[in-house]
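The values are calculated or read from the model by the stated rules, or taken from the named source; none is laboratory data. These numbers come from a predicted model, not from an experiment. Here the Cβ is made from the backbone with ideal geometry for all residues, glycine too, and neighbour counts use every protein chain on show.
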């Protein structure tokens with residue numbers, strides 16, 4: 001496999017000739033475009049007569065994939081809900097402690113999948129014209145501690161301001177430059193580091209979902225975010241019911257542990273998809289929508305099982321380029337649009353997780369995220 005930017009070797013396939021000096025426009029073909037592990041041979045052949053798409057042209061190329069299949073969307077929703085109901089029932093069934101624990105973990109992963117599907121519906125990527133889906137997903141959002149009033153406003157802002165040094169903190173993790181951090185008060189530093197702390201992410205169930213998505217928004221704007229209060233009341237009522245009828249083990253395995261797993265993984269995914277080695281942040285002058293999608297949103301490379309449980313949210317760079325693409329079409333886009341096949345990657349490998357979690361502030365001079373040791377070393381430019 002040649003290195004990126006190298007002249008491409010001849011393809012043994014007779015259908016492809018004279019590739020040695022081939023150029024697309026004025027640029028060399030990125031080596032990942034012909035990575036046989038990612039691009040089918042038919043797609044690699046079609047690249048030969050295409051120009052590299054950038055900017056609005058690249059966004060336009062994704063438009064044909066932004067089509068919902070009513071049957072497929074409902075199938076994913078209802079099958080996931082059905083599996084979740086069975087898994088939750090298993091936590092109450094007389095399976096023995098290990099059987100119940102397995103059902104509890106499975107429930108957490110299914111809640112995670114359902115949350116990503118809910119996220120897709122909130123973008124109107126799936127079932128955009130279905131009133132039934134709208135009401136059903138609103139109800140699921142309340143059950144999952146992600147009320148619609150808060151999610152749509154904060155997440156919509158996130159998509160419009162992703163990777164901006166100013167204004168991107170709404171609906172996302174806050175970002176300070178090295179200079180801003182060093183010039184901040186002790187309390188502001190503590191607050192900033194708390195929001196990005198690994199334990200805050202791990203306990204996303206409490207800090208991000210219960211407090212951040214429900215309690216906080218309701219206290220700030222009670223009328224607008226009344227569904228935040230409803231989510232908390234309903235969540236507490238379910239907990240009390242479980243404890244009253246089945247005891248503390250049911251409360252732990254049927255509600256607490258599944259939400260802890262789903263919210264913890266979901267919070268980390270959201271963090272790592274915009275806070276990873278190689279991420280790029282810009283001020284208003286250098287910001288474009290497509291650049292933010294491709295350089296500030298990662299491709300979370302996972303196995304097939306985890307890709308299913310996360311409903312393909314790992315293809316986050318494509319999702320940010322066009323949020324109207326249903327989650328079940330994202331792998332197809334990845335395969336068929338070569339410009340999207342060589343993204344900035346991260347994984348769920350423990351060492352990669354540590355690398356992401358160590359990133360704290362944006363160094364303007366180095367144009368990269370750095371950890372606390374580098375952040376405290378010397379003042380950087382504002």
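Data for the structure
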{"read-out": "Sole residue being surrounded by 17 or more Cβ atoms within 10 Å (Cβ to Cβ) and within 16 Å of the chain's Cα centre (by Cα), chosen from 348, 340", "value": "348"}
{"read-out": "Yes/no for residue 201 being more than 30 Å from residue 375 (Cα to Cα), at pLDDT 95 or above, surrounded by 14 or more Cβ atoms within 10 Å (Cβ to Cβ) and in contact with a helix residue (DSSP H, G or I) (Cβ under 7 Å, 6 or more places away or on another chain)", "value": "no"}
{"read-out": "Yes/no for residue 155 being within 20 Å of the chain's Cα centre (by Cα) and assigned to a loop (DSSP other than H, G, I, E, B)", "value": "no"}
{"read-out": "Matching residues in segment 51-106 - criterion: being within 30 Å of residue 294 (Cα to Cα) and loosely packed, with under 14 Cβ neighbours inside 10 Å", "value": "51, 55, 56, 57, 60, 63, 64, 67, 70, 72"}
{"read-out": "Residue list for segment 185-205, filter: part of a helix (DSSP H, G or I) and either closer than 14 Å to residue 271 by Cα or in contact (Cβ under 8 Å) with a residue 12 or more places away in the chain (or both)", "value": "192, 193, 194, 195, 198, 199, 200, 201, 202, 204, 205"}
{"read-out": "Filter result for the condition that a residue is more than 25 Å from residue 137 (Cβ to Cβ) and in contact (Cβ under 8 Å) with a residue 40 or more places away in the chain, over 250, 311", "value": "250"}
{"read-out": "Filter result for the condition that a residue is within 17 Å of the chain's Cα centre (by Cα) and without any contact (Cβ under 8 Å) to a residue 12 or more places away in the chain, over 318, 305", "value": "305"}
{"read-out": "Residue 305, sole failed condition from (1) surrounded by 16 or more Cβ atoms within 10 Å (Cβ to Cβ); (2) within 21 Å of residue 75 (Cα to Cα)", "value": "(1)"}
{"read-out": "Where residue 223 falls short, out of the listed (1) crowded, with 20+ Cβ neighbours inside 10 Å; (2) not in a helix (DSSP H, G or I)", "value": "(1)"}
{"read-out": "Filter result for the condition that a residue is under 21 Å from residue 116 (Cβ atoms) and assigned to a helix (DSSP H, G or I), over 250, 292, 237", "value": "292"}
{"read-out": "Flag for residue 326 being under 23 Å from residue 119 (Cα atoms), in contact with a helix residue (DSSP H, G or I) (Cβ under 8 Å, 6 or more places away or on another chain) and free of Cβ contacts under 8 Å to residues at least 60 places away in the same chain", "value": "no"}
{"read-out": "Matching helices (runs of 4 or more DSSP H) fully within segment 36-133 where at least 1 residues are at pLDDT 95 or above and more than 25 Å from the chain's Cα centre (by Cα)", "value": "70-92, 97-122"}
